[in-house]
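Trainee: This structure is in structure tokens; I'll ask about it shortly.
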Amino acid sequence: MALADAAVETIGDNTYRRIRSDIIFGRLAPGQKLKLERLKDDYGASVSTLREILNRLSSEALVVAEGQRGFEVAPVSIENLKEIAALRLLLESHALEQSFAAGDMDWEGRVVSAHHKLSSMERRMKEGDRSQTELWKRYDWEFHQSLISACGSSVLMETHAAIFDKYLRYQMIALSFRGDIAAKEHRKLLDCALDRDAATAMATLELHVKGGVEHALATGTIA
């Protein structure tokens, strides 16, 4: 590949990640119009590159293509949140079972390390420090990914990650933090992983996901 082609690919990949992150973390709001000229200034990419990126995000259901009218950030709804949560629970429960059965000492180390970072951030959040909510959710994602990281299926991991991102988007829109309840559920999941107790872990995960949905809906920010 020519250096020029590699540079174009790098700019495109970086811009894709930035726009995707801005959608997931709510910096680009649901229903917001994505005007190419404005995005060109904001992200420093060409109109043609941006159009390709927005079409790619449209295939991920994070952007809606409106034909000749352009693009907008995908809307949110209670029904969509419930569907995403149910799919996350289905994928993650299956992956947990497989991962707990196959996990080795290295896997245990990843889980313990990820939980340490998450629990440290949760303590800060409970103390009222909400200045790093994105880091908190990144650690949340890393912990759940570590739990299923020994499942043996890269396709399952990638599919779960895509669904988790959509679930995370709703949490960021609602700024949903459940404090001690979620922290205790995460600790329970850690204990189950170290004990290889998949049945209790799946039951805990169900409470965790359903509780997250209920808490997000209770904020009244999702209609």
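Trainee: Relative contact order, percent, of the chain when contacts are C-alpha pairs under 8 Å separated by at least 6 residues?
Mentor: For the chain, the relative contact order is 24 percent.
Trainee: By its C-alpha gyration tensor, with a ≥ b ≥ c as the square roots of the eigenvalues, how is the range 34-90 shaped: rounded for a/c under 1.5, else prolate for a/b larger than b/c, else oblate?
Mentor: prolate
Trainee: Still on this structure, please answer the following. Taking the Cα atoms only, what angle lies between the long axis of helix 154-174 and the longest principal axis of the chain, rounded to 10 degrees?
Mentor: Approximately 80 degrees, to the nearest ten.
Trainee: Among LYS35/LYS117; LYS82/LYS184; LYS137/LYS184; LYS33/LYS210; LYS35/LYS82, which pairs are too far apart, with a Cα-Cα distance over 27 Å?
Mentor: As for pairs spanning more than 27 Å Cα to Cα, those are LYS35/LYS117; LYS33/LYS210; LYS35/LYS82.
Trainee: Once you have a ≥ b ≥ c as the square roots of the Cα gyration tensor eigenvalues for the range 3-73, tell me rounded if a/c is under 1.5, and otherwise prolate or oblate according to whether a/b is larger than b/c.
Mentor: prolate
Trainee: Further question on the same structure: Quick check on the exposure proxy: order VAL155, VAL111 from fewest to most C-beta atoms within 10 angstrom.
Mentor: Fewest-to-most Cβ neighbours within 10 Å comes out as VAL155, VAL111.
Trainee: Now for a different question. Determine the shape class of the chain: with a ≥ b ≥ c the square roots of the Cα gyration tensor eigenvalues, call it rounded for a/c under 1.5, and otherwise prolate if a/b is greater than b/c, oblate otherwise.
Mentor: prolate
Trainee: Can you give the angle from 0 to 90° between the axis of helix 105-126 and the longest principal axis of the chain, with both taken from C-alpha atoms, to the nearest 10?
Mentor: For 105-126 against the chain, the angle is about 80 degrees.
Trainee: What whole-number distance in Å separates the alpha-carbon centres of the range 32-49 and the range 71-133?
Mentor: Taking the Cα centre of each part, the range 32-49 and the range 71-133 sit 31 Å apart.
Trainee: Along the Cα→Cβ direction, 7 angstrom out, place labels at LEU194 and GLU158. What is the inter-label distance in nm?
Mentor: The two pseudo-label positions are separated by 3.4 nm.
Trainee: Between ALA203 and THR219, how many nm apart are label points set 7 Å from Cα along the C-beta direction?
Mentor: Rounded to a tenth, the inter-label distance reads 3.0 nm.
Trainee: Between LYS82 and SER59, what is the label-point separation in nm under the 7 Å Cα-to-beta-carbon projection?
Mentor: Distance between label points: 3.1 nm.
Trainee: Right, something else. Can you give the angle from 0 to 90° between the axis of helix 133-148 and the longest principal axis of the chain, with both taken from C-alpha atoms, to the nearest 10?
Mentor: Roughly 60 degrees, rounded to the nearest 10.
Trainee: Suppose every K and R has +1 on its Cβ and every D and E has -1 on its Cβ; what is the size of the dipole of the chain about the Cα centre, in Debye to the nearest 20?
Mentor: For this selection, approximately 700 debye.
Rule-based calculations on the coordinates, nothing more; no lab input. Only a predicted model underlies this, so the values are computations on that prediction, with no experimental measurement involved. Glycine gets a Cβ as well: all are built from the backbone with ideal geometry, and neighbour counts include every protein chain shown.
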